[in-house]
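A short worksheet on the structure shown next.
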Amino acid sequence: MGSRMPESLIGAGGWGYFSGGLDAYAKAFRFAEVNATFYRRIPESTAHHWRARVPADFVFSVKAHRDVTHAGRLQASAAGREAFAHSLRTARILGAPFVILETPGSLGFESSQVTGLRDLAGMAHPGTRMGLEARAYAGQALPSELQRTMEDNAILDVVDLSQSTPRVADDTRYTRLFGPGPHNVYQFDDQELREIDRAGGDAVRAAFTFHGVRMYTDAARFLTFKRTGAFPAATSSRGLASLEAVLMPDARFPSSKEDLVRQHGWTVIDLDDRTRAHAVRLLSALPRQTFHNLDEVVQALADAVPDAKTG
């Protein structure tokens, strides 16, 4: 029997901030995690409308309603089961193969949570994979009872592959990518995206959902890399000129070196034609002083890093 060809699903956490909405998003990507279902119960008519607006090969995943994971603390109460049933109906209408449970970082898994998770798994219809992002255990081992329950019920261990690896073996992987920045303020450079690709590389099916403040850009760059083996440029310039282009829309003055590194060091610039890296690579060379405009920053870096290209 021949092995299945690996499948990569690449997209972002919804299309709400994508210029042109779902119609434009579906021209750029073939996968989206629906986060709106976490905050409100989507009417069935809306789900049918979304499904009709995208190509047949477009894949949705559904994030389960917070009444299941936050208000209900995953205990499968009557209200929690009803909310999860609604999420499952939405997934069925959308043809979504994944329903993702995200539990809060404050929620440890006691026996009632494990029992509740097992109960909810019994509600899922065939063809739907449940995934659990247990935020209380990010970067550490899962409680043994929880891990056994996930293994027994084929529940995916949803992690950020830029930070950790799944603790439950499966030929399918689902990752929600935020990076190390606080409050989702982060952008992945080339090397980090390569490492994410390697982390998901041995899966038969891997779903990559980007969630940072530059999620559409990150997803598009990763998609291009998966298709071509090369990363597209982040800007139309290189070196200091690339940094200037990235800082120009958002940098506020006066600012100290520390302000600029903290507020903009996470952004990605083009060091040269082959290398995208975080802006901190250049900003770290600034002298410790207060800058009153962008020209002062660029001039200080031209003096400190004379080899940096400006084309």
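The values are calculated or read from the model by the stated rules, or taken from the named source; none is laboratory data. These numbers come from a predicted model, not from an experiment. Here the Cβ is made from the backbone with ideal geometry for all residues, glycine too, and neighbour counts use every protein chain on show. Side chains included, ligands, DNA and RNA excluded: accessible areas come from the protein's heavy atoms. Shrake-Rupley method; radii C 1.70, N 1.55, O 1.52, S 1.80 Å.
Taken together, Ala32, Ala28 contain a single residue that is buried (at least 21 other Cβ atoms within 10 Å of the Cβ) and within 20 Å of Phe222 (Cβ to Cβ), which is Ala32. Screening Ile42 on (1) assigned to a loop (DSSP other than H, G, I, E, B); (2) open to solvent by 10 Å² or more (accessible area, probe 1.4 Å); (3) β-branched (Val, Ile, Thr) shows it passes everything except condition (2). Scanning the stretch 202-217 for residues that are of a type outside the set (A, V, I, L, M), over 12 Å from Leu9 (Cα atoms) and touching a residue at least 60 places away in the same chain (Cβ under 8 Å) gives His211, Tyr216.
Cβ separations smaller than 6 Å between residues 6+ apart or across chains give no pair from the stretch 223-240 residues that are exposed (fewer than 14 other Cβ atoms within 10 Å of the Cβ) to residues that are among the acidic types (Asp, Glu) and part of a helix (DSSP H, G or I).
Could you list, in sequence order, the residues of the stretch 241-274 that are in a loop (DSSP other than H, G, I, E, B) and surrounded by fewer than 17 Cβ atoms within 10 Å (Cβ to Cβ)? Matches in the stretch 241-274: Met248, Pro249, Asp250, Arg252, Phe253, Pro254, Gly265, Asp272, Asp273, Arg274.
Within the stretch 91-112, is there a residue that is more than 20 Å from Ala206 (Cα to Cα), within 23 Å of the chain's Cα centre (by Cα) and either assigned to a strand (DSSP E or B) or free of Cβ contacts under 8 Å to residues at least 24 places away in the same chain (or both)? Yes, some residue in the stretch 91-112 is more than 20 Å from Ala206 (Cα to Cα), within 23 Å of the chain's Cα centre (by Cα) and either assigned to a strand (DSSP E or B) or free of Cβ contacts under 8 Å to residues at least 24 places away in the same chain (or both). Given the criteria under 30 Å from Ser61 (Cα atoms), in a helix (DSSP H, G or I) and of a type in the set (Gly, Ala, Ser), does Ala230 qualify? Against the criterion (under 30 Å from Ser61 (Cα atoms), in a helix (DSSP H, G or I) and of a type in the set (Gly, Ala, Ser)), Ala230 does not qualify. Quick check on the stretch 157-175: of everything there that is buried (at least 22 other Cβ atoms within 10 Å of the Cβ) and assigned to a strand (DSSP E or B), which residue is nearest to the chain's Cα centre (by Cα)? Among those that are buried (at least 22 other Cβ atoms within 10 Å of the Cβ) and assigned to a strand (DSSP E or B), it is Thr175.
For the stretch 275-311, a residue qualifies if it is assigned to a loop (DSSP other than H, G, I, E, B), within 16 Å of Ala241 (Cβ to Cβ) and of a type in the set (D, E, K, R), and the qualifying residues are Asp307, Lys309.
When Tyr17 is tested against (1) among the aromatic types (Phe, Trp, Tyr); (2) under 27 Å from Ala121 (Cα atoms); (3) surrounded by fewer than 22 Cβ atoms within 10 Å (Cβ to Cβ), only condition (2) is not met.
For the subset of the stretch 185-205 comprising residues that are open to solvent by less than 60 Å² (accessible area, probe 1.4 Å) and assigned to a helix (DSSP H, G or I), which member is farthest from Met150 (Cα to Cα)? That would be Asp190. One residue alone among Ser87, Ser111, Ser61 is among the hydroxyl-bearing types (Ser, Thr, Tyr) and open to solvent by 50 Å² or more (accessible area, probe 1.4 Å), and that residue is Ser111.
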